[in-house]
Amino acid sequence: MKIQASAENYLETILMLQQRKGVVRSIDIANELDFSKPSVSVAMKNLRENGYIAIAAEGHITLLDKGREIAEKMYERHTLLSAWLERLGVDPNIAVEDACRIEHVISTESFDAIKRHVERRK
């Protein structure tokens, strides 16, 4: 099932926040992305209803298996692409912004080819 780039961004953000803070709440996501609390609340409801996340009674958000899979995929793409662009001489801020856009549209085949190329160059 194909999910929207915005959902992928939310899942990736949850993963990053979990790594950084341990516990993630909707307010943490809103602050991280600079989105309104109501927007994040609607998104979390949709992600929960579609089986990507679980929300505990105290509001703690955790990734379920299929949510974690997507989050890890997006995070790997983001980190590899932004680092690669920087090594090519792209300004770090632009590299991060471009990687954020590219990570959602690049095919698995193309990403895997870039990944192999980068790994050979290490």
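Observations on the model:
- Here the chain is treated with +1 on each Lys and Arg Cβ and -1 on each Asp and Glu Cβ, and its dipole about the Cα centre works out to around 220 debye.
- Inter-part distance where the range 1-57 and the range 61-122 are each reduced to a Cα centre, Å: 19 Å
- The range 30-95: GluC sites (Glu not before Pro) in DSSP coil with no more than 16 other Cβ atoms inside 10 Å: GLU58
- Mean residue ellipticity (222 nm) of the chain, computed from DSSP H runs ≥ 4 via -39,500 (n - 2.57), nearest 500: -24000 deg cm²/dmol
- Of the options [x] 112; [y] 91; [z] 144, only one is volume of the Cα convex hull per residue in Å³ as computed from these coordinates, and that is [x].
- Over 25 Å (Cα to Cα) - which of LYS45/LYS115; LYS66/LYS122; LYS45/LYS73 fall in this group: LYS45/LYS115; LYS66/LYS122
- Entry note, the chain: relative contact order of 23 percent, from Cα contacts under 8 Å with a spacing of 6+ residues.
- Relative to the longest principal axis of the Cα atoms of the chain, the long axis of helix 108-121 lies at roughly 60 degrees.
- Trypsin sites (Lys or Arg not before Pro) restricted to the range 1-86 and DSSP loop, no more than 13 other C-beta within 10 Å: LYS2
- ³J(HN,Hα), Karplus 6.51/-1.76/1.60, whole Hz, each residue of the range 19-26, x for Gly, Pro: 5, 7, 10, x, 10, 10, 10, 4
All of the numbers you see were taken from the coordinates with simple rules; none came from a lab. Predicted model, so just to flag it, every value in this text is computed and none were measured. For neighbour counting, all protein chains shown are included, and Cβ atoms are generated from backbone atoms with ideal geometry for every residue, glycine included.
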